[in-house]
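To start, the structure itself, in structure tokens.
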Amino acid sequence: MPAYTGLLRSKLPHTGTTIFTVMSALAAEYGAINLGQGFPDFLCDEKLLSLTDQYARRGFNQYAPMPGLLRLRERIAEKYETLHGMRYHPETEITVTPGGTEALYAAITAVVQEGDEVILFEPCYDSYAPAIELNGGVPVFLPLHGTDYHIQWDEVKQRINKRTRMILLNSPHNPTGAVLGAADMVQLEKLTSGTDIILLSDEVYEHLLFDGRQHQSVMRYPALAERSFVVYSFGKTYHNTGWKMGYCLAPAELMKEFRKVHQYLVFSVNTPYQHAFADWMEDACRYLGLGAFYQQKRDLFLGLLGGSRFQWEPAAGSYFQFVSYKNISEEKDTDFAIRLTKEAGVASVPVSVFYHQGYDARMLRFCFAKKDDTLKAAAERLCRL
């Protein structure tokens, strides 16, 4: 095909292929164990698979309503009223989306205009800043601090001004595994009180908290909930990230703007899967035990790494673990991650890619949402370094 020769002005001139795609492709090329991209390597429940098949075979294969099936939105509303005591109206305040990333993009697009500033904390998930930039917004990057990757709220206060449109939160946090506490939410309430700042709270790892921690959703705080889009993921909760199913909750006025964008991005979401999830959500035990399930995997992986030269602080949440390789190599993290994939046969993600200026602390992110045998095989290879 002949090359395009016209004038092309990229909206994301500094953006290439995501690191997750790069490392997963490298893992496949070299037959490495993939602890890089965040997805389980085990099946979701067979009964859930059967439900999706049943609904497809019964003919539920055409467009669902734009906001999602009402009975699924009703189950979502019931879940969060039980968990956090906040009642969202299924018809006007909940929208089903094709994964959490589309929900994040639709929320940003709905409210961020040219020149608006959005505060976000890095290291951060790689879709945040491009979504802001594509909508003419200005990402304002603030660092997370210490080995527990906490927010310095005085720094946030100093950066808030009349152009601040949104603060983007993520807890449990990808990539660090950090978790916001009740004191953080109180500080956030104080900083946003009396402002028009909107919050976008990415809570897709809501059930993956360890060592007795409790998820501090913005829903637990009415003064925060009234200004928040809150984003969740069926894929992270039910081990089927490839289905790309999620949802967003927000007060009616915010959700009205959200749906204006959502309807032109995708219109609606996979119909038989929505029916299946509506049935599946009736049993809360299917998600309430996730913290213990993934803590066992975190503890197994770190226990197996005990004889290695890596260093770490155990993740407080999510299914990601940061490790330092300072005792092993002085290479850049991108170079070390590539060599680790090729020579040791274990793929990871270099942490510098989660910083807009590529800050390199010689850290890697491993995903432990894997079968125990996968974690054992990966740890054995890592301990040889």
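Looking at the range 87-94, can you tell me whether even one residue there is in the same structural domain as TYR221 (by TED's automatic domain parsing) and in a helix (DSSP H, G or I)? No, every residue in the range 87-94 fails to be in the same structural domain as TYR221 (by TED's automatic domain parsing) and in a helix (DSSP H, G or I). Scanning the range 247-278 for residues that are aliphatic (A, V, I, L, M), under 22 Å from the mean Cα position of the chain (by Cα) and surrounded by fewer than 19 Cβ atoms within 10 Å (Cβ to Cβ) turns up VAL261, LEU265, VAL266.
Table: residues versus (1) closer than 30 Å to VAL349 by Cβ; (2) under 22 Å from the mean Cα position of the chain (by Cα).
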position	(1), (2)
PRO13	yes, no
GLU29	yes, no
ASP45	yes, yes
ARG71	no, no
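The sole residue among LEU26, LEU35, LEU49 that is surrounded by fewer than 17 Cβ atoms within 10 Å (Cβ to Cβ) and among the aliphatic types (A, V, I, L, M) is LEU49.
Of all residues in the range 71-89, those that are over 12 Å from MET219 (Cβ atoms) and surrounded by fewer than 19 Cβ atoms within 10 Å (Cβ to Cβ) total 5. Look at (1) of a type in the set (Gly, Ala, Ser); (2) in contact (Cβ under 8 Å) with a residue 12 or more places away in the chain; (3) surrounded by fewer than 19 Cβ atoms within 10 Å (Cβ to Cβ); (4) outside any helix (DSSP H, G or I) and you find that ALA377 fails only one, number (4).
Of everything in the range 81-94 that's touching a residue at least 60 places away in the same chain (Cβ under 8 Å) and either β-branched (Val, Ile, Thr) or touching a Leu at 6+ places or on another chain (Cβ under 7 Å) (or both), which residue is farthest from ASN270 (Cα to Cα)?
Among those that are touching a residue at least 60 places away in the same chain (Cβ under 8 Å) and either β-branched (Val, Ile, Thr) or touching a Leu at 6+ places or on another chain (Cβ under 7 Å) (or both), it is THR82.
Considering only the range 311-330, I want to know if a residue exists there that is among the hydroxyl-bearing types (Ser, Thr, Tyr), part of a helix (DSSP H, G or I) and either under 24 Å from PRO172 (Cβ atoms) or touching a strand residue (DSSP E or B) at 6+ places or on another chain (Cβ under 9 Å) (or both). Checked against the condition, which is being among the hydroxyl-bearing types (Ser, Thr, Tyr), part of a helix (DSSP H, G or I) and either under 24 Å from PRO172 (Cβ atoms) or touching a strand residue (DSSP E or B) at 6+ places or on another chain (Cβ under 9 Å) (or both), the range 311-330 yields no hits at all. If the Cβ limit is 7 Å and pairs must be 6+ apart or interchain, which residue in the range 305-321 that is more than 15 Å from ALA379 (Cα to Cα) pairs with which residue that is among the β-branched types (Val, Ile, Thr) and assigned to a loop (DSSP other than H, G, I, E, B)? Going by the 7 Å Cβ cut-off, the qualifying pairs are GLU313/THR147; ALA316/VAL179; GLY317/VAL179.
Please find, among ASP126, ASP148, the residue that is at pLDDT below 95, within 25 Å of SER233 (Cβ to Cβ), part of a loop (DSSP other than H, G, I, E, B) and not assigned by TED's automatic domain parsing to the domain that holds ALA361.
Step by step, each of ASP126, ASP148 is checked, and only ASP126 is at pLDDT below 95, within 25 Å of SER233 (Cβ to Cβ), part of a loop (DSSP other than H, G, I, E, B) and not assigned by TED's automatic domain parsing to the domain that holds ALA361.
Looking across the range 338-374, the residues that are among the small types (Gly, Ala, Ser) and not in a helix (DSSP H, G or I) come down to GLY345, ALA347, SER348, GLY358, ALA361, ALA369. Restricted to the range 138-174, and to residues there that are more than 26 Å from LYS297 (Cα to Cα) and of a type in the set (S, T, N, Q), the residue that is surrounded by the fewest Cβ atoms within 10 Å (Cβ to Cβ) is ASN161. The single condition among (1) at pLDDT 90 or above; (2) not in a loop (DSSP other than H, G, I, E, B) that THR21 does not meet is (1).
Of all residues in the range 175-206 being closer than 18 Å to SER318 by Cβ and among the hydroxyl-bearing types (Ser, Thr, Tyr), which is surrounded by the most Cβ atoms within 10 Å (Cβ to Cβ)? This residue is THR176.
Check whether at least one residue in the range 279-289 is modelled with pLDDT of 95 or more, under 20 Å from the mean Cα position of the chain (by Cα), outside any helix (DSSP H, G or I) and crowded, with 23+ Cβ neighbours inside 10 Å, and report yes or no. The answer is no, given that none of the residues of the range 279-289 is modelled with pLDDT of 95 or more, under 20 Å from the mean Cα position of the chain (by Cα), outside any helix (DSSP H, G or I) and crowded, with 23+ Cβ neighbours inside 10 Å.
The values are calculated or read from the model by the stated rules, or taken from the named source; none is laboratory data. Please read these numbers as outputs of a predicted model, since none were measured by experiment. Heads up, the Cβs are rebuilt from the backbone with ideal geometry, glycines too, and the neighbour counts pull from every protein chain shown.
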